[in-house]
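Let me begin by presenting the structure, written as structure tokens, before commenting on it.
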Amino acid sequence: MGRTIRTVEDVLALLDGFFAREGAGGGQGFWDGFYADRGKPVPFFAAKPDESLVGYVERGLVAPGRALDLGCGPGRNALYLASRGFAVDAVDLSPVAVAWARDRAAEIGAEVRFLCGDAFALPAGELDGPYDLVVDSGCFHHLAPHRRIGYPALLERLLAPGGHFALTCFAAGEGGMGSERGDAELYRVGSLEGGLAYTPEELRRIFSGLEEVELRRMREESPDAECFGVPFLWTGLFRRG
């Protein structure tokens with residue numbers, strides 16, 4: 001037996017162990033396995049952007065500038081933003097996902113700066129904000145509760161004054177997806193159960209330091225549509241004052 005807890009980061013790392021199977025706090029192997037089969041029938045593997053993100057751009061709610069895609073996966077939103085004149089950085093924990101995203105960018109001649117690593121741990125020289133737009137489609141809801149507390153601080157560091165944060169995450173309630181267990185219970189069961197579902201009130205409380213522009217259910221899009229959309233997700237746009 002050892003007494004190894006000396007810092008807050010030691011406590012966070014200890015709590016990561018409750019969810020080791022799901023990659024909380026840095027499980028690269030889990031996500032590498034998830035992205036290894038590019039032909040797997042996962043809806044968001046398709047090379048098309050979120051319908052909400054397209055709407056923000058087309059309605060003029062966000063304008064081309066510097067953008068960061070957190071948890072970019074195979075790069076679908078990053079590539080869309082690059083095609084609309086944004087200077088895009090995109091980061092993912094999984095080298096397998098980043099390799100796929102780079103292949104996609106090369107196929108269409110898109111310029112995106114892809115980074116591999118933990119966005120919470122990358123040095124400031126690599127994630128060199130401020131960014132006019134930060135996009136998170138499916139990363140936030142995979143954070144364990146103790147890691148979630150660092151998210152507002154990450155936005156504070158990276159998001160420019162007047163910049164926007166676009167979030168897509170699991171929706172709690174009827175027709176939603178993801179675990180609705182309370183935070184304490186998640187540690188007792190030792191699982192994030194595929195991701196955490198949130199209510200609008202919870203999201204507003206977590207991101208209370210930002211101004212809400214829009215928060216709604218994602219619209220469902222048909223498989224042959226040019227955008228991705230499923231109704232079990234919340235999608236929201238927030239602005240930093």
Checking residue 157 against (1) at pLDDT 95 or above; (2) part of a helix (DSSP H, G or I), the condition it does not meet: (1)
Selection count where residues are at pLDDT 75 or above and either aliphatic (A, V, I, L, M) or touching a His at 6+ places or on another chain (Cβ under 6 Å) (or both), scope the stretch 21-35: 0
Output for the stretch 146-179, where each listed residue is among the charged types (D, E, K, R) and open to solvent by 40 Å² or more (accessible area, probe 1.4 Å): 147, 156, 157, 174
Within the stretch 37-76, tally of residues that are in contact (Cβ under 8 Å) with a residue 12 or more places away in the chain and more than 18 Å from residue 222 (Cα to Cα): 18
Enumeration of residues in the stretch 183-198 that are assigned to a loop (DSSP other than H, G, I, E, B), open to solvent by less than 40 Å² (accessible area, probe 1.4 Å) and either acidic (Asp, Glu) or at pLDDT 95 or above (or both): 197
Residue 103 of a type outside the set (A, V, I, L, M, F, W, C), over 24 Å from residue 199 (Cα atoms) and over 15 Å from the mean Cα position of the chain (by Cα): yes
The lone exception for residue 201 - which of (1) touching a strand residue (DSSP E or B) at 6+ places or on another chain (Cβ under 9 Å); (2) loosely packed, with under 13 Cβ neighbours inside 10 Å it fails: (1)
Residue, nearest to residue 46 (Cα to Cα), within the stretch 208-222, restricted to residues that are in contact (Cβ under 8 Å) with a residue 60 or more places away in the chain, assigned to a loop (DSSP other than H, G, I, E, B) and open to solvent by 20 Å² or more (accessible area, probe 1.4 Å): 221
Residue tally, condition of a type in the set (A, V, I, L, M, F, W, C) and surrounded by 24 or more Cβ atoms within 10 Å (Cβ to Cβ), over the stretch 45-61: 1
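Taking the stretch 223-237 as the region of interest, how many residues are within 25 Å of residue 194 (Cα to Cα) and open to solvent by less than 50 Å² (accessible area, probe 1.4 Å)?
So the answer is 9.
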Of residues in the stretch 64-85 being open to solvent by 50 Å² or more (accessible area, probe 1.4 Å) and in contact with a Phe, Trp or Tyr (Cβ under 9 Å, 6 or more places away or on another chain), the one nearest to residue 98 (Cα to Cα): 66
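Taking the stretch 44-59, which residues are assigned to a helix (DSSP H, G or I) and either within 16 Å of the chain's Cα centre (by Cα) or among the polar types (S, T, N, Q) (or both)?
44, 45, 51, 52, 53
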Test: residue 70 is at pLDDT 95 or above, under 24 Å from residue 196 (Cβ atoms) and not hydroxyl-bearing (Ser, Thr, Tyr): yes
Output for the stretch 60-106, where each listed residue is among the aliphatic types (A, V, I, L, M) and not in a helix (DSSP H, G or I): 61, 62, 63, 67, 68, 70, 87, 88, 90, 91, 93
Enumeration of residues in the stretch 170-211 that are closer than 17 Å to residue 155 by Cα, of a type outside the set (A, V, I, L, M, F, W, C) and touching a Pro at 6+ places or on another chain (Cβ under 9 Å): 208, 209
Output for the stretch 107-143, where each listed residue is assigned to a loop (DSSP other than H, G, I, E, B), touching a strand residue (DSSP E or B) at 6+ places or on another chain (Cβ under 6 Å) and surrounded by 17 or more Cβ atoms within 10 Å (Cβ to Cβ): 119, 139
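The values are calculated or read from the model by the stated rules, or taken from the named source; none is laboratory data. For clarity, every value in this text was computed on a predicted model and none was experimentally measured. With ideal geometry, Cβ positions are generated from the backbone for all residues, glycine too; neighbour counts draw on all protein chains shown. Just the protein is used for accessible areas: all its heavy atoms, side chains included, with ligands, DNA and RNA removed. Shrake-Rupley method; radii C 1.70, N 1.55, O 1.52, S 1.80 Å.
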